[in-house]
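Q: Let me give you the structure first, and then I'll get to my questions.
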Amino acid sequence: IGLGLVGFGVFFILFGVLLYFDSVLLAFGNILFLCGLVFIIGFRRTFTFFFQRPKLKGSSFFLGGVVIVLMRWPLLGMLLEAYGFVTLFR
């Protein structure tokens, strides 16, 4: 179930970017991606991964970008998410 959710999340994010940053597709993709991540590694491990002290800057930008996309500002949200993703997995 988790891999399917992550796969559909990535598909909707890429499809949303392809359709000129469609905010509904991007928001749906973000929600599916995060839910799939929780299903794959568990709630506790997901929480500890995102809220470790060295990764707090990347996590705040990534999750802040998700919130901005949900507030229907897709371009700014995706930029914040991309910066947070790079900082998180550096």
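Q: Sort through Leu79, Leu34 and tell me the only one that's under 15 Å from Gly16 (Cα atoms), assigned to a helix (DSSP H, G or I) and hydrophobic (A, V, I, L, M, F, W, C).
A: Working: Leu34 fails: under 15 Å from Gly16 (Cα atoms).
Among Leu79, Leu34, only Leu79 is under 15 Å from Gly16 (Cα atoms), assigned to a helix (DSSP H, G or I) and hydrophobic (A, V, I, L, M, F, W, C).
Q: Any idea which of (1) within 23 Å of Phe15 (Cβ to Cβ); (2) outside the structural domain of Val17 (by the TED database) is the one Gly58 doesn't satisfy?
A: (1)
Q: Inside the range 26-85, can you point out the residues that are among the polar types (S, T, N, Q) and open to solvent by less than 30 Å² (accessible area, probe 1.4 Å)? Full working, then the answer.
A: First, the residues of the range 26-85 that are among the polar types (S, T, N, Q): 30, 46, 48, 52, 59-60.
Within the range 26-85, Asn30, Thr46, Ser59 meet the criteria.
The values are calculated or read from the model by the stated rules, or taken from the named source; none is laboratory data. Just so it is clear, the model here is predicted, and its values are computed rather than measured. All Cβ positions, glycine included, derive from the backbone under ideal geometry; neighbour counts span all protein chains shown. Please note that ligands, DNA and RNA were not included when accessible areas were found on the heavy atoms of the full protein model with its side chains. Shrake-Rupley method; radii C 1.70, N 1.55, O 1.52, S 1.80 Å.
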